[in-house]
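See structure below.
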Amino acid sequence: MMLSKSMSQVAIIRPLVACGRSIRKRSVFVFVFLIVNFFLLRLVSVRTTHPTAGGNPKAPVEGEYLQLEDFASAVEKLQRHVSTVRSRCRRMARFGGLVTCDDCHKCIVDGGKLLCLDADVRPVPNSCHALSFGIGYDMSFEKALVQYGCRVTAFDPTSINLTNTVQPGNIQAIRLGLDARDHEFVQNFTDLRHQRTEQHQMSYRKYQSIIELLDYPDVHLLKMDIEGSEWKVFSQILSSPESRNLLNNVRQILLEVHLDFLTTGDDLETTYYNALQATDVFESLEDLGFHLAAFELNESTLSEYVLNNVNVSLYREISLIRRTPNL
């Protein structure tokens, strides 16, 4: 009886042990499966949000947090684009600019542009046409271009006293602004002379609309000083083959760069997207053959943004040139 009872217990225990072993094996398999999948998903996430060395920083996918190293990488990459000369000019000349002095010891030059006069990129006197966006109250650059031999069409929606009037020389000044879309609105202006506020209709047009307005001229030189709107304007111009083709005859782009979006107090993700947009503009222009030939800091506004020992000047003048092959 005792033997029979022992054998019956063994008969019951053996299946239980085998079942337990099977469960442990399945548990181990499930555990290993989960661990492997976790690391695979983590690897995909890292590849998505963290670019490889030399790659472009990417916007984080939905549900991911922006990594500080990605933000720093975007700022450093943008700094390289605005400060690394990639196409040297042998004959660089300054056109325009006004000298202002606070006292006898400190004077600055503002409004001048660096123009490359190398044979393959220089404006050809008596046959060149320049578009100038943003003149403020200083047309010294435009007048210098006219003296050089170019026809100039200048645009500014805020220069009430200079635009829509006949200018000396070969300058046409139009009260119209450049933007990424066509739109209009009413703006209040303070007339300090008469101590009163005036309302003026502000009209903005995208680049294609302005080219259509001018009946599709051949534009050889493009100057732009539009107070930070250059990034969305160029993003719009470069967004399609049709609009990019409007730059086909342009040999130089003279651009006042505004990077003050780095310090405007926006959240880190918005600032990051702005840095990506500016970098994308430079890379798209490089794809079209435009490379940095010269830059200088804006003496009137010497402001910097510092991150990880990288100093980024917020305002600077840059000259991009597109060389003719085999010259």
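Readers should treat all values here as calculations from the given coordinates under stated rules, not as data from a laboratory. All values reported here derive from a predicted model rather than from experimental measurement. Glycine also receives a Cβ, built like all others from the backbone with ideal geometry; neighbour counts cover every protein chain displayed.
Is the C-alpha gyration tensor of segment 165-274 telling us rounded, prolate or oblate? Criteria: a/c under 1.5 is rounded; beyond that, a/b larger than b/c is prolate, otherwise oblate. Write out the running numbers ahead of the final one.
Numbers: a/c = 1.85, a/b = 1.05, b/c = 1.76.
In terms of gyration-tensor shape, oblate.
Quick check: net charge around G289, other residues with Cβ under 9 Å of its Cβ, Lys/Arg +1 and Asp/Glu -1? Could you put the intermediate results ahead of the total?
Numbers: positive: R322, R323; negative: E286, D287.
Value of the local net charge: 0.
Can you give the FRET efficiency for Q195 and E304, using 1/(1 + (r/R0)^6), R0 = 30 Å, r = Cβ-Cβ distance, to the nearest 0.05? Walk me through the numbers on the way to the answer.
Numbers: r = 38 Å, r/R0 = 1.26.
Step by step, r from the Cβ atoms, then E = 0.20.
First check a/c for segment 71-321, with a ≥ b ≥ c the square roots of the eigenvalues of its C-alpha gyration tensor; if it is under 1.5, answer rounded, and if not, answer prolate when a/b is larger than b/c or oblate otherwise.
Rounded.
If the only charges are +1 at each Lys and Arg Cβ and -1 at each Asp and Glu Cβ, what is the size of the charge dipole of segment 94-155 around the Cα centre, to the nearest 20 debye?
Working: 6 positive and 7 negative charges, 40 e Å.
Computed about the Cα centre, the dipole is about 200 debye.
Once you have the Cα-Cα distance between V109 and L68, take 0.36 nm times their residue separation minus that, and quote the gain in nm to one decimal. Could you put the intermediate results ahead of the total?
Details: separation 41, 0.36 × 41 = 14.76 nm, distance 3.75 nm.
Separation in residues times 0.36 nm, less the Cα-Cα distance, equals 11.0 nm.
For Y273 and R86, what does the FRET efficiency come to when R0 = 35 Å and r is the distance between their Cβ atoms, rounded to the nearest 0.05?
Values: r = 25 Å, r/R0 = 0.72.
Using R0 = 35 Å, I get an efficiency of 0.90.
Note down the net charge around V146, summing +1 for each Lys or Arg and -1 for each Asp or Glu among other residues with Cβ under 15 Å from its Cβ.
On the way: positive: K113, K143, R151, K223; negative: D138, E142.
Taking every other residue near V146 into account, the sum is +2.
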